[in-house]
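A.B. asks: Take this structure, written in structure tokens, and hold onto it; I'll ask about it next.
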């Protein structure tokens, strides 16, 4: 009679891991990156290289879309960036996102009549390495600037990033 009880206890112990939920998605699945992140970016070249306090807040959505906003979105007025992301390997991801750039008015009185007009767009391509605990990542970013007609213009560059997951 003791053997069936021992087998029952053994089977129960083996099934316990299936009952435990994780605070992190499995790194082998794309959804490990889903969530809100705050990152510090340092460009090593290009128009943004002189900015030492650049930060992004990025939301990676389930399904592969993302939204990014920076602490410089208001200088000059620039809308958030929108894009897509995908898993490219274990704990490795790639993101591509774009934003519209604006140009300042030629004269101060134009602020009231036309404001900051479109000047082109920027494109970031980011290669992300998620930490094993899923709470941080490092990445490299390649920035390309485009003029109002879609032509590449000067100002692009490369950056290194360190990000942490936003949580409670």
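A.B. asks: Would you pick out the residues in the stretch 48-66 that are surrounded by fewer than 19 Cβ atoms within 10 Å (Cβ to Cβ) and not in a strand (DSSP E or B)? If you could, list the steps in order and put the result at the bottom.
C.D. replies: Just the residues of the stretch 48-66 that are surrounded by fewer than 19 Cβ atoms within 10 Å (Cβ to Cβ), to begin with: 49-55, 57, 59, 61-65.
49, 50, 51, 52, 53, 54, 61, 62, 63, 64 - these are the residues of the stretch 48-66 that are surrounded by fewer than 19 Cβ atoms within 10 Å (Cβ to Cβ) and not in a strand (DSSP E or B).
A.B. asks: Could you say whether any residue in the stretch 131-140 is assigned to a helix (DSSP H, G or I), surrounded by fewer than 19 Cβ atoms within 10 Å (Cβ to Cβ), over 14 Å from the mean Cα position of the chain (by Cα) and at negative phi? I'd like the intermediate steps shown before the answer.
C.D. replies: Looking only at the stretch 131-140, we keep the residues that are assigned to a helix (DSSP H, G or I), and these are none.
Scanning the stretch 131-140, I find no residue that is assigned to a helix (DSSP H, G or I), surrounded by fewer than 19 Cβ atoms within 10 Å (Cβ to Cβ), over 14 Å from the mean Cα position of the chain (by Cα) and at negative phi, so the answer is no.
A.B. asks: Scanning for something without any contact (Cβ under 8 Å) to a residue 12 or more places away in the chain, farther than 21 Å from residue 151 by Cα and surrounded by fewer than 16 Cβ atoms within 10 Å (Cβ to Cβ), does the stretch 92-102 turn up at least one residue?
C.D. replies: Of the stretch 92-102, the ones without any contact (Cβ under 8 Å) to a residue 12 or more places away in the chain are none.
No, the stretch 92-102 has no match at all.
A.B. asks: Among the numbered conditions (1) within 18 Å of residue 138 (Cα to Cα); (2) without any contact (Cβ under 8 Å) to a residue 40 or more places away in the chain; (3) exposed (fewer than 13 other Cβ atoms within 10 Å of the Cβ), tell me where residue 77 comes up short.
C.D. replies: All conditions pass for residue 77, except number (1).
A.B. asks: Still on this model: Can residue 157 be described as modelled with pLDDT of 95 or more and not in a strand (DSSP E or B)?
C.D. replies: Details: modelled with pLDDT of 95 or more: yes; not in a strand (DSSP E or B): no.
The answer is no for residue 157.
A.B. asks: Checking the structure you have, find out if any residue of the stretch 92-114 is at pLDDT below 95, in contact with a strand residue (DSSP E or B) (Cβ under 6 Å, 6 or more places away or on another chain), more than 23 Å from residue 55 (Cβ to Cβ) and in a strand (DSSP E or B).
C.D. replies: Scanning the stretch 92-114, I find at least one residue that is at pLDDT below 95, in contact with a strand residue (DSSP E or B) (Cβ under 6 Å, 6 or more places away or on another chain), more than 23 Å from residue 55 (Cβ to Cβ) and in a strand (DSSP E or B), so the answer is yes.
Residue-wise test of (1) surrounded by 10 or more Cβ atoms within 10 Å (Cβ to Cβ); (2) at pLDDT below 95; (3) out of contact with any strand residue (DSSP E or B) (no Cβ under 9 Å at 6 or more places or on another chain); (4) more than 19 Å from residue 168 (Cα to Cα).
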site	(1), (2), (3), (4)
2	no, yes, yes, yes
7	yes, yes, yes, yes
14	no, yes, yes, yes
30	yes, yes, no, yes
33	yes, no, no, no
38	yes, no, no, no
41	yes, no, no, yes
46	yes, no, no, yes
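A.B. asks: Collect the residues in the stretch 115-130 that are in contact with a strand residue (DSSP E or B) (Cβ under 7 Å, 6 or more places away or on another chain) and at positive phi, keeping them in residue-number order.
C.D. replies: Of the stretch 115-130, the ones in contact with a strand residue (DSSP E or B) (Cβ under 7 Å, 6 or more places away or on another chain) are 116-130.
Across the stretch 115-130, the qualifying residue is only 120.
The values are calculated or read from the model by the stated rules, or taken from the named source; none is laboratory data. This structure is a prediction, so every number in the text was calculated from the model and none was measured. Please note: Cβ atoms are built from the backbone with ideal geometry, for glycine as well, and neighbour counts cover all protein chains shown.
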